[in-house]
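Student: Structure in C-alpha cells, see below.
The values are calculated or read from the model by the stated rules, or taken from the named source; none is laboratory data. Just so it is clear, the structure is predicted and the values come from calculations on it, not from any experiment. Every residue, glycine among them, receives a Cβ derived from its backbone with ideal geometry; neighbour counts consider all protein chains shown. The protein model used for the area step is the full one, side chains on, heavy atoms only, and it has no ligands, DNA or RNA in it. Shrake-Rupley method; radii C 1.70, N 1.55, O 1.52, S 1.80 Å.
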Amino acid sequence: MEKVFSEFEIEQHQECAYDHLEAFDGDSDTAAILGRLCGSKIPEPLVSTGNKMYLRFISDASVQRKGFQATHSTECGGRLKAEARQKNLYSHSQFGDNNYPGHTDCEWLLTTEQGYGIELSFITFEVEEEADCGYDYIELYNGYDANSHRLGRFCGSGPREGVYSPGDAMLIRFHSDDTISKKGFHIRYTSSKFQENLHTRK
C-alpha cells in the first residue's frame with residue numbers, strides 16, 4: 001500500500017516530539033514503524049510491504065497547524081529505504097492469496113546511505129517463463145532510473161542467488177502482460193558496505 005501526501009503542516013520539532021503522525025507497516029502499532037512525521041515539508045510517499053498500514057496522529061494542547069491530506073492506493077511500486085535490518089518487498093498487495101494482476105507496470109526505487117550498497121535475496125520467485133523473458137519479468141538497474149546499468153532481466157524461477165548493487169540506489173521494474181499470471185515474488189532487501197560484501201563472498 002502507498003500513501004501520498006498532497007498537504008502537510010504539523011507543528012515542527014527536531015524529533016517530532018509534540019504533534020506528529022506515525023505510520024506502521026501493518027494493522028497495529030506493534031508493526032515496524034515506517035516513519036514519524038512533522039513539520040511543513042511534504043514527506044516522501046509512505047509504502048508498506050503488504051496491503052495494510054496503520055496511522056496514528058497525535059497532537060498536544062498547545063500549537064496547532066493545518067494538518068495533512070493524503071491519498072492511499074494499493075498500486076505496486078514506490079520509494080523504499082534499504083537499511084541494515086532486512087525488509088520485505090512483494091510483487092503485489094495480495095501476494096500469497098492471489099496471483100499478480102495482468103497489465104502491471106511497477107517501479108520500486110530502493111535507496112540507501114552513501115558508501116553502502118543494496119543486496120536483494122529472493123525468497124519466492126514465480127513469474128511467467130519465456131526464453132527471452134518477453135512477457136512477464138522484473139528488471140534490476142544499478143541506479144535511479146532505467147538509463148542506469150542494467151543488472152539483469154528475470155522471469156520463470158528468477159535468479160539463483162542474491163543480487164548486489166554497489167551504488168546507493170537500485171531500481172526494480174516489474175512488468176506483466178494480459179495473459180498468464182503466476183504467484184509473483186517476495187524479495188528481502190538490505191544495505192551493506194561494499195567492502196563487507198566482497199569479504200563475505202570469498
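Student: Working only within the stretch 17-26, note down all residues that are in contact (Cβ under 8 Å) with a residue 40 or more places away in the chain, open to solvent by less than 50 Å² (accessible area, probe 1.4 Å) and assigned to a loop (DSSP other than H, G, I, E, B). Explain how you work it out, then say what you get.
Tutor: As a first pass, look at the stretch 17-26 and keep what is in contact (Cβ under 8 Å) with a residue 40 or more places away in the chain: 18-19, 21.
Filter once more, so that each one left must be open to solvent by less than 50 Å² (accessible area, probe 1.4 Å): 19, 21.
Asp19, the sole residue that qualifies.
Student: Next question, about the same structure. Report the residue count in the stretch 124-153 for those that are within 19 Å of Ser181 (Cβ to Cβ) and within 16 Å of the chain's Cα centre (by Cα). Don't jump to the end; show me each part of the working.
Tutor: Keep residues of the stretch 124-153 that are within 19 Å of Ser181 (Cβ to Cβ), which gives 124-139, 153.
After this cut, where a residue has to be within 16 Å of the chain's Cα centre (by Cα) as well, the list is 138-139.
Count: 2.
Student: Out of everything in the stretch 27-74 that is part of a loop (DSSP other than H, G, I, E, B) and among the hydrophobic types (A, V, I, L, M, F, W, C), what residue ends up being most open to solvent (accessible area, probe 1.4 Å)? Write out each step before concluding.
Tutor: Residues of the stretch 27-74 part of a loop (DSSP other than H, G, I, E, B): 27-32, 38, 40-45, 48-53, 59-66, 74.
Going one step further and asking which of them are among the hydrophobic types (A, V, I, L, M, F, W, C), we end up with 31-32, 38, 42, 53, 61, 63.
Working: Ala31: 26, Ala32: 45, Cys38: 22, Ile42: 80, Met53: 32, Ala61: 110, Val63: 55 Å².
Per the criteria, the residue is Ala61.
Student: Conditions: (1) over 22 Å from Thr124 (Cβ atoms); (2) in contact (Cβ under 8 Å) with a residue 40 or more places away in the chain. Gly77 meets all but one. Number of the miss?
Tutor: Here Gly77 clears every test but (1).
Student: Arg153 - would you say it is loosely packed, with under 15 Cβ neighbours inside 10 Å and in contact with a Cys (Cβ under 9 Å, 6 or more places away or on another chain)? Please lay out each step first, then the result.
Tutor: Numbers: loosely packed, with under 15 Cβ neighbours inside 10 Å: yes; in contact with a Cys (Cβ under 9 Å, 6 or more places away or on another chain): yes.
So Arg153 passes the test.
Student: Can you say whether Lys52 is under 30 Å from Tyr164 (Cα atoms) and without any contact (Cβ under 8 Å) to a residue 60 or more places away in the chain, as far as the supplied structure shows? Reasoning before the result, please.
Tutor: Values: under 30 Å from Tyr164 (Cα atoms): yes; without any contact (Cβ under 8 Å) to a residue 60 or more places away in the chain: yes.
Yes, satisfied.
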